[in-house]
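Take a look at the structure below.
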Amino acid sequence: MKHIVMFSGGAASSVVAKMVADKYPNDTILLHTPTGAEHPDADRFREQVAKFIGLPITIEKASKTLWELVESRKDVPNNMFPYCSTELKLITKDRFVKRFEKRGEDFTEYLGLGVDEWRRIQKVWVRHQADNRKVEFPLMDAKLTGEDCKNIIREEWKICLPSPYQYLSHNNCIPCYKGGQSHWFKVWKYYRTEFDRAAKAERTTANNVFKEFSLDELSDKWSKEPEQMDLWGDMEGIPCMCSL
């Protein structure tokens with residue numbers, strides 16, 4: 001029996017990885033599916049956590065990065081149609097686990113969804129039931145939230161969290177095409193290069209991230225309304241990223 005942890009490199013998946021590896025030290029796989037659009041510090045954090053746990057990272061790549069995918073499709077993802085998540089994460093993960101199924105090897109998947117994400121847990125559980133696959137949510141069982149995981153990593157593991165957490169609520173792609181306006185505002189404010197790249201891609205594709213306006217229009221709006229900085233810029237605060 002193999003125990004496959006979806007190891008994105010965020011705080012939640014890192015704590016799950018430690019929980020599963022402690023229980024199944026010889027049969028745990030830390031599976032990472034890179035998107036090519038993550039902050040460089042995500043790699044540092046992921047490698048440091050894997051070393052702390054004592055296991056290697058298994059990498060399964062999609063054929064394209066996020067930006068290559070957007071360019072090839074001539075269409076930008078959005079919250080209603082997040083094809084990037086499907087192609088870069090779900091399909092890539094399925095390709096990996098199907099190798100076990102073809103060999104007749106039993107496995108369980110583990111996801112870093114906390115007790116505060118029960119709606120997502122329900123959807124994921126139903127999908128795995130339909131595919132006749134086992135999935136577990138150790139954070140939910142332990143009644144841990146994403147913030148609990150950050151505290152564990154900082155205070156107990158003494159590992160510095162990845163820098164995107166300084167401004168964003170996740171350590172995934174920058175930008176995340178599933179994010180709302182507040183997320184895109186923070187990308188515009190703190191990661192302008194990535195925002196401009198997304199805006200440029202939007203100009204050459206068939207649709208926009210938001211139905212009502214383009215990213216260029218949002219950029220113009222935010223530039224002319226500095227009060228938006230106070231409204232959205234510090235919504236999540238700017239915590240210290242390093243261990244205490």
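In the set (1) assigned to a helix (DSSP H, G or I); (2) in contact with a helix residue (DSSP H, G or I) (Cβ under 9 Å, 6 or more places away or on another chain); (3) buried (at least 16 other Cβ atoms within 10 Å of the Cβ), the condition left unmet by Trp118 is number (3). Does Pro40 satisfy the criteria of being free of Cβ contacts under 8 Å to residues at least 40 places away in the same chain and farther than 25 Å from Asp106 by Cα? Answer is yes for this residue.
Tell me, which residue of region 122-142 that is at pLDDT 95 or above and assigned to a loop (DSSP other than H, G, I, E, B) is surrounded by the fewest Cβ atoms within 10 Å (Cβ to Cβ)? Residue satisfying both the conditions and the ranking: Ala142.
The values are calculated or read from the model by the stated rules, or taken from the named source; none is laboratory data. Fair warning: this is a prediction, and the values are worked out from it, not measured in the lab. Don't worry about glycine lacking a Cβ; one is built from the backbone with ideal geometry, like all the others, and counts go over all protein chains shown.
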